[in-house]
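Structure first, then comments.
None of the figures in this text is laboratory data; all of them are computed from the coordinates on show. Treat the numbers as computed from the prediction; the structure is a model and nothing was measured. Quick reminder, even Gly has a Cβ in these numbers, built from the backbone with ideal geometry, and neighbours come from all protein chains shown.
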Amino acid sequence: MKYLVISLGIVCIAWGAAAASEEEFLPSHKVTITADGRKATITADGGKTFGKVSAAFETTKDGADRIKSILLTVDGKEFVVPKEQFGDLRDPLIQTAEFRTEAGFDKHPWLYLTFQLAKQEAKSTSDRPRVYIRYQNGKLMERTIQQPQE
């Protein structure tokens, strides 16, 4: 009986790992940040699914440490990210921006533009919230914020 329980546990763990959808990091081809740190551009290869992807950030100059604009380009098509997706964010770390993809569980794969938010009490980069600007099937979707694990 002990062996049966252990075997079922291993099967459940293996199935859970196989059923999970995982993000794939896209290596950046080019990253530029202006000397004053107010503008940044990141470019990557999104493969056959997304083509060349890039994001251009601009932050405010008034010392409020907020994003002024984000322009996302996917395979030559430009998308102005609505202010509702970033206007409430404080202390964005645009130098942490990167692209990720995920097959997901639905018909169309996901493209994520991610970056972290500064957090005073953060002891490491994994202690910071991560913002996800999400793109799927030719359109921008609602953003999400992944909070650090306790």
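Observations on the structure shown:
- Alpha-carbon centroid distance for the pair the range 118-144 / the range 25-81, whole angstrom: 14
- Cα-projected label distance for Ser28 with Glu121, points at 7 Å along beta-carbon direction, nm: 2.9
- In the range 49-142, lysine pairs closer than 17 Å at Cα, eight or more apart or cross-chain: 7
- Using the Cβ of Glu24 as centre and a radius below 10 Å, the other residues enclosed give a net charge of -2, where K and R count +1 and D and E count -1.
- Backbone HN-Hα couplings from phi across the range 75-82 [Karplus 6.51/-1.76/1.60, Hz, Gly and Pro as x]: 6, x, 9, 8, 10, 7, 6, x
- For the range 127-132, backbone phi angles converted through the Karplus equation (6.51, -1.76, 1.60; θ = phi - 60°) give residue-by-residue couplings of 8, 9, x, 10, 8, 10 Hz, Gly and Pro being listed as x.
- Cα gyration tensor, the range 64-150 - rounded (a/c under 1.5), prolate or oblate: oblate
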